[in-house]
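Rule-based calculations on the coordinates, nothing more; no lab input. Model, not experiment: these values are computed from the prediction. Cβ: placed from backbone, ideal geometry, glycine included. Neighbour counts: every protein chain shown.
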Amino acid sequence: MSETFHGRTICDPDDWCRRLATALTDLVPEAARIRVTQQAPTESWSHPHARAYDSDGCLIELKRAQVYTVARWIMRAHPEALWKEAHDFDLASAELTPTVPGAGHLKSVGQAC
């Protein structure tokens, strides 16, 4: 349900997250889940970073612009999250959850996909 504030329409947060998930699905059609961090695994400085995974948990290669864009969109949609730790954004449910270390549901580079 949408509300108005000073003449501007404000979307329900759930609606906003669903629209974000739809936009991300359009940007990365093969993705089922996106992991967002403030630290790229190969860099020593912090900046928004995203990795996309398909429904089998296999890593999907993203272009550099996609890495930054996807991460920024998700971070801006969820400013309440503690971004010092990684989070997973599920595109089917449009939910952001903290990443559980060692959960093993996503495959690393080099694992059979």
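Which residues' amide hydrogens lie under 5 Å from the amide hydrogen of R33, considering only partners 5 or more residues apart or on another chain, with H built in the peptide plane?
Those lying under 5 Å, H to H, from R33 are Y53, L91.
List the trypsin sites (Lys or Arg not before Pro) in the stretch 47-78 that DSSP assigns to loop (not H, G, I, E or B) and whose Cβ has at most 13 other Cβ atoms within 10 Å. Which are they?
Within the stretch 47-78, the qualifying trypsin sites (Lys or Arg not before Pro) (loop, at most 13 other Cβ atoms within 10 Å) are K63.
Taking amide H positions as placed in the peptide plane 1.01 Å from N, state which residues far from A86 in sequence (5 or more) or on other chains have amide H under 5 Å from it.
Amide H neighbours of A86: T99.
Give the residue from A92, T69, A23 lying farthest towards the positive end of the charge dipole for the stretch 11-95; charges sit on Cβ (+1 for Lys and Arg, -1 for Asp and Glu) and the dipole is referred to the Cα centre.
Among A92, T69, A23, the one farthest towards the positive end of the dipole of the stretch 11-95 is T69.
What ³J(HN,Hα) values, in whole Hz, does the Karplus curve 6.51 cos²θ - 1.76 cosθ + 1.60 give for the stretch 23-29 when θ = phi - 60°, with x put for Gly and Pro?
After applying 6.51 cos²θ - 1.76 cosθ + 1.60, I find 5, 5, 5, 5, 6, 10, x Hz.
Amide H neighbours of H47 under 5 Å, at least 5 residues apart or on other chains, H built in the peptide plane: list them.
Q39, A40
Mind giving me the nanometre distance, one decimal, between the label points for T97 and D15, set 7 Å out from Cα along Cα→Cβ?
2.7 nm
Show me, for the stretch 88-100, the HN-Hα J-couplings you get by feeding each phi into the Karplus relation (A = 6.51, B = -1.76, C = 1.60, θ = phi - 60°), rounded to Hz, glycine and proline as x.
With coefficients 6.51, -1.76 and 1.60, one gets 10, 10, 7, 6, 6, 9, 6, 10, 9, 10, x, 6, 8 Hz.
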